[in-house]
Amino acid sequence: MSADLPEAERTYGMAGIRSMLDANGMVHLELEGIPHWWTKGPERAESDNIRRLLLRASEALGARHIKIHPDDGGGPWELGHWAEEFATLAQQAQGVGARLGIEFLPWTNIKTVHDGLRLVEEAGHDAGGLIIDVWHTERADTPPADLAKVPLHRIVGVELNDADSDVIGTLFEDTVNRRKYCGDGSFDLIGDINALRHAGWTGPWGVEILSHEHRNLDVRTSSKRAFSTAIAQLERAIEGASSTTTSGAR
């Protein structure tokens, strides 16, 4: 997270951070995120400071991609302006060896995979695309069939998780406090995984669990549980696809 990076750099330096990542076998690195990248004034000035930090860190640490978010306030957005700003940022990310991914969020002004795809296609930059988090597609009632149609070159990253069928509190409160480990909730994870594989996704599968339960566990236990439950769903999806293929061949 961009808020943690300055302190980490002061303590360890970029070279020290890179060394720790390498020592722990971290292959795929994501940096997040740049706020208010579409606006002007004091908010944009602060945004540009964070942009410079993350671009520098991406180059030093070998980040795979940089994640950005839409407007949490849900205000209107002008496609041409947002696309121009997105394309500029994507070009800058490409210049340091990374891609740029926008994560659509159902309580913001870019709510769905369709909204996000409209933006990145209008921007038209090869380094720009979408971060597809299944929490956001499920809460926006996006069927797996729609994920299967996303052009592969527009998928920058994928994140898996689960949740109960009912939203408790606001969407934001639900997403940061009540996510579940993969397979423990109501999501059609098998359908989502198979749809993204149908789209051609062979990149890393991120796991993003945000919950009171997860935060109260020690890091070794929580990391192991997040990994093992995600792997179980990925393997189930493979088995299901194989079974379907075999049945169809009879």
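Where a number appears in this text, it was derived from the coordinates with a stated rule and is not lab data. Worth saying up front: this structure is predicted, and the values here are computed from it rather than measured. Note: ideal-geometry Cβ built from the backbone for every residue, glycine included; neighbour counts use all protein chains shown.
DSSP assigns beta bridges within segment 121-250; of those with both partners inside it, close to 20 percent run antiparallel. Scoring 142-150, 40-48 by mean Cβ neighbours within 10 Å over their residues and listing the highest first yields 142-150, 40-48. Could you identify which residue out of G73, G157, G200 has the top mean-square fluctuation in a GNM of the chain using Cα springs shorter than 10 Å? Comparing G73, G157, G200 in a Gaussian network model of the chain, the most mobile one is G73. Relative contact order of the chain: 13 percent, from C-alpha pairs under 8 Å at least 6 residues apart in sequence.
Karplus-based coupling profile of segment 150-162, in residue order and whole Hz: 5, x, 4, 5, 9, 9, 8, x, 10, 10, 10, 5, 8, with θ = phi - 60° in 6.51 cos²θ - 1.76 cosθ + 1.60 and x standing for Gly or Pro. Database remark: amide H of V207 closer than 5 angstrom to the amide H of L160 (H placed geometrically; neighbours at sequence offset of 5 or more, or on other chains; Pro and chain starts carry no H).
Computed about its Cα centre, the charge dipole of segment 5-249 is approximately 680 debye, with only Lys, Arg, Asp and Glu carrying charge at their Cβ.
Segment 25-58 and segment 92-120 have their alpha-carbon centroids 14 Å apart. Distant-in-sequence amide contacts of R99, defined by a placed amide H-H separation under 5 Å and a gap of 5 or more residues or a different chain, comprise H65, I66. Evaluating 6.51 cos²θ - 1.76 cosθ + 1.60 at θ = phi - 60° for every residue in segment 70-82, the Karplus couplings come out as x, 7, 4, x, x, x, x, 9, 9, 4, x, 5, 5 Hz, glycine and proline recorded as x. Amide H to amide H, with H built 1.01 Å from N, L130 comes under 5 Å of I102, I155, V156, G157, counting only residues 5 or more places away or on other chains. One way to sum up the overall shape of the chain is the equivalent ellipsoid from its Cα gyration tensor, whose semi-axes run 29, 23, 19 Å, largest first.
Applied to segment 10-18, the Karplus parametrisation 6.51 cos²θ - 1.76 cosθ + 1.60 on θ = phi - 60° returns per-residue 3J(HN,Hα) values of 4, 7, 10, x, 4, 5, x, 4, 4 Hz, with x for Gly and Pro.
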